[in-house]
Amino acid sequence: MRISRLFSHQHIRLLLGILVTILLLAHVVGALNLSFIQAMERFAYDARLQLLTPGGLDDHIVIVDIDETSLQQEGHWPWGRNKLAQLLDRLFDQYQARLVAFDVVFAEKDESSGLAALQTMRQAQISQRPDIAQLIDALAPGLDYDQQFADSMRGRNVVLGYYFRHDSRMQHNIGALPPPVMQADVIAGRDIAYQQASGYGANLPLLQQQAKAAGHFNPDPDEDGITRRIPLLVAYQDGVYEALSLAVARQVLGNVQVMPGFSHSMHYAGMEWLELGQLKIPVDANLNALIPYRGRQGSFPYVSAADVLHGKVPQQQLQDRIVLIGTTAPGLMDLRATPVQSVYPGVEIHANMIAGILDGSVRQQPAYTLGAEFLLLMLLGVGLSILLPRMRPVPATMLSAAVLSLLVLSNLLSWKIGVVLPLASALLLVALLYVLNMSYGYFIESRSKRHLAQLFGQYVPPELVAEMAARPNQLGLEGESREMTVLFCDVRRFTTISEALDPQTLAKLMNEYLTAMTRVIHQHRGTIDKYMGDAIMAFWGAPLHDEQHAANAVNASLDMVRELEKVNAGFQEKGWPALKIGIGLNTGEMTVGNMGSEFRMAYTVLGDAVNLGSRLESLCEYYAEPVIVSEFAVRAATQYLYRELDLIRVKGKDAPVRIYAPIMVEDAAAEQELNQYELALAAYRQQQWQQANIAFMALQTMYGGRRIYTLYLERINHFSRHAPEADWDGVFNFGSKRGEA
């Protein structure tokens, strides 16, 4: 019955594990949207990114920062285009920058010079004052800041920025787009969910015509508002347009062409990378690229735009560098939330992306990882659902920890080689299966403990009940045969004591006595069978197997004698009579289990070995020993020192049995007495009556009047006058007066 219940629990755990696995698989394939798993995956991505960012300073890209200092020195933003022209002239002429890119859009004309007002005045004065009109015409070129800025870009490696709109309600476009990097029909018909813009805000045509290239700087944050990727290509009408970082990288590489990269697999039609000459940029199904953050803000050198304008920056810091012009000033609203820092300059995001494209550190997260995740979850789910229900808590914990560690380590290794694999769903599956099995086991175990406590709480201590629950396979209530040790304990002359006490006092005395003795038995892993008036019956070796059952029983019997001394001291203070006990121990094959009738059952032991234990207890008064154990118990508990008392044949048994008394105090004097006693006993059994008599007389004189010495002196006196029969084997037969055969 127990086995069938065990298997049913395993089946339930297996089914629950498979159900959890199916739920996660449904999420992976998109049939079920579990947003918390997506949040966990983003958290896991951020944790890996923060843990494994390369750090350090990449000085190949320099950020010219329109910071608070620059705004204080040069005036509020936007600056006049003539100042930006000066900035470009400084960067190219004095500092010999390799490329300059603007993380700024110049969508409106610069009218800060007052040129528009002068043109209006010219129209008003041209007929009346031709000289004023001529003067205005002469001043106009110097006040056309847009033209000055365009002239400063002419022939130089300058990349502008712009943005796309995705709100179809806003139809008005601003400025002029650059030429597309490819036509939309190049990727038409492919499984690519790229962004489709509805409008744009771009630079003045005058400026766009002079720039070498331009790229959009549209952010694409995830649902939690954190920027982890950049859309490298965005479609608008019939063209496909590049991001600012891609435009910069292309110009650095010599204005190479952007080519789509498709997998050779016949089962996947999506684009997996973009080709820039010899470089490959991994992209996902939406043509987004993961930003390879180097670290927190400051991974690239910053210089103040004001310092560049005034020539205060060292030449070597900007020479032959890629220069990005952007802002970190909070009021200009170009700050983003990123995995490495909650407030991060947008211009440095572009710097990270450009550096990643050029050095090949952009990590790939191809669409086929979805299939890998599905297969991994299926293997983990089925495997752990089968294994964990069959394992005990410690091995199950070790296995789960090992699987979790292996998942994390293998994922980190794939990250190091540039492949981003899903992690959260696999970790969650392993954790859920572990918690499911441990929780199920815990509650079932708790229920089993309560059941065991109901069954065995009156027999064994709570500590043993907990151990029984931990080892249920060793339990059984049906009758079975085991080698065990039984103990019988009885109070000497109890009838006389009970007659001298009133019922209330007698009840209190017995309660204190039985409690103290039971506590000792429990401390030594014993099971209380029953109380029989003043007698106690206990056994060792059930309900749990105990390899040391005999040793534990002997130890308990000795401690019971010692504990009785403390109990008697308390009784003396209360004016109660002192108690004396006798304990009999025997080891042997016994039948143990629930036995009784349909009206009452009890967990008990039966058998000849039990009966012998009871007979030994009754001999304690005859030999004046508090504890008597059989030779079978002595063989099973050899670590103690014993005094052989006799070789006896009890009533109802043909085979004789040796009985012993364990030595209470083991010291040199006890060992010396025991050695002399063994010599005396050997002389007795060899019928050397005179020698034996002398030996026992010496023992009685030297070590006091032990009852056993008196018994043997009486027997020697008898056998000296009445020789035993020729086949006498030294056995004392209880029932004959002097042990005659």
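No value in this document is a laboratory result; all are computed from the given coordinates. All figures in this text were calculated on a predicted structure; none of them were measured in a lab. Note that we place each Cβ from the backbone using ideal geometry, even for glycine, and neighbour counts take in every protein chain shown.
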Sort 276-283, 648-655 by packing, meaning the average of other beta carbons within 10 Å per residue, with the highest value first. 276-283, 648-655
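Taking a ≥ b ≥ c as the square roots of the Cα gyration tensor eigenvalues, with a/c under 1.5 meaning rounded and otherwise prolate when a/b beats b/c, else oblate, which class fits the stretch 14-113? Intermediate values should be presented prior to the final figure.
On the way: a/c = 4.16, a/b = 2.73, b/c = 1.53.
Prolate, since a/c reaches 1.5 and a/b exceeds b/c.
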Modelled FRET efficiency - R0 45 Å, Met697 with Glu499, Cβ distances, 0.05 increments: 0.70
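In the stretch 544-621, which chymotrypsin sites (Phe, Trp or Tyr not before Pro) are in a loop and have at most 13 other Cβ atoms within 10 Å, using DSSP for the loop call?
Working: sites: Phe571, Phe599, Tyr603; in loops: Phe599.
The qualifying sites are Phe599.
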Quick one: what are the phi-derived ³J(HN,Hα) couplings along the stretch 425-440, Karplus 6.51/-1.76/1.60 with θ = phi - 60°, whole Hz, x for glycine and proline? 5, 5, 4, 5, 4, 4, 5, 5, 5, 5, 4, 4, 5, 5, 5, 4
Amide proton proximity set for Ile663, modelled H, under 5 Å, gap of 5+: Leu641, Tyr642, Arg643
The ³J(HN,Hα) series, computed from each phi in the stretch 538-547 with the Karplus coefficients 6.51, -1.76 and 1.60 at θ = phi - 60°, rounded to the nearest Hz and given as x for glycine or proline, is 9, 8, 10, x, 7, x, 9, 5, 9, 5
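Report the net charge of residues surrounding Leu274, where surrounding means a beta-carbon distance below 13 angstrom and charges are Lys +1, Arg +1, Asp -1, Glu -1.
Working: positive: Arg250, Lys280; negative: Glu242, Glu272, Glu275, Asp284.
Every neighbour counted, the sum reads -2.
So what is the relative contact order for the stretch 243-371, in percent, with contacts set as C-alpha pairs under 8 Å and at least six apart?
On the way: 154 pairs, mean separation 39.6, N = 129.
Taking the mean separation of contacting Cα pairs over the length of the stretch 243-371, I get 31 percent.
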Work out the charge dipole of the stretch 217-354 with +1 on the Cβ of Lys and Arg and -1 on the Cβ of Asp and Glu about the Cα centre, then indicate which of Val313, Leu244, Met353 is farthest towards its positive end. Val313
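Take the alpha carbon gyration tensor of the stretch 502-542, find the square roots of its eigenvalues, order them as a ≥ b ≥ c, and report rounded if a/c is under 1.5; if not, report prolate when a/b exceeds b/c, else oblate. Spell out each step's value before the answer.
Numbers: a/c = 5.08, a/b = 2.14, b/c = 2.38.
The shape class here is oblate.
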Hey, what angle do you get for helix 668-685 against the long axis of the chain, alpha-carbon based, 0 to 90 degrees rounded to 10? 50 degrees
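Can you bin the chain into rounded, prolate or oblate? Criterion: square roots of the alpha carbon gyration tensor eigenvalues sorted a ≥ b ≥ c, rounded for a/c under 1.5, prolate for a/b above b/c, oblate for the rest.
Details: a/c = 4.58, a/b = 3.83, b/c = 1.19.
Judged from the Cα gyration tensor, the chain comes out prolate (a/c at least 1.5, a/b above b/c).
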Restricted to the chain, the DSSP antiparallel beta bridge percent, nearest 5, is 65 percent
Out-of-range pairs (alpha-carbon distance over 26 Å; input Lys83/Lys109; Lys109/Lys312; Lys530/Lys566; Lys530/Lys574; Lys508/Lys566; Lys508/Lys651): Lys109/Lys312; Lys530/Lys574; Lys508/Lys651
Cut-off under 21 Å on the C-alpha distance; same-chain residues fewer than 8 positions from Lys280 excluded. Which lysines are left, in chain and number order? Lys416
Peptides 212-225, 422-435 ordered by average Cβ neighbours within 10 Å, highest first: 422-435, 212-225
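Please report the relative contact order for the chain, taking Cα pairs under 8 Å with a sequence separation of at least 6, and give it as a percent rounded to a whole number. Walk me through the intermediate numbers first.
On the way: 1224 pairs, mean separation 83.1, N = 741.
After rounding, I find 11 percent.
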Roughly how many Å is it from the Cα centre of the stretch 587-660 to that of the stretch 305-339, as a whole number? 96 Å
Under Karplus coefficients 6.51, -1.76 and 1.60, residue-wise ³J(HN,Hα) of the stretch 376-387 in Hz, glycine/proline x: 4, 4, 5, 5, 5, x, 5, x, 6, 5, 7, 7
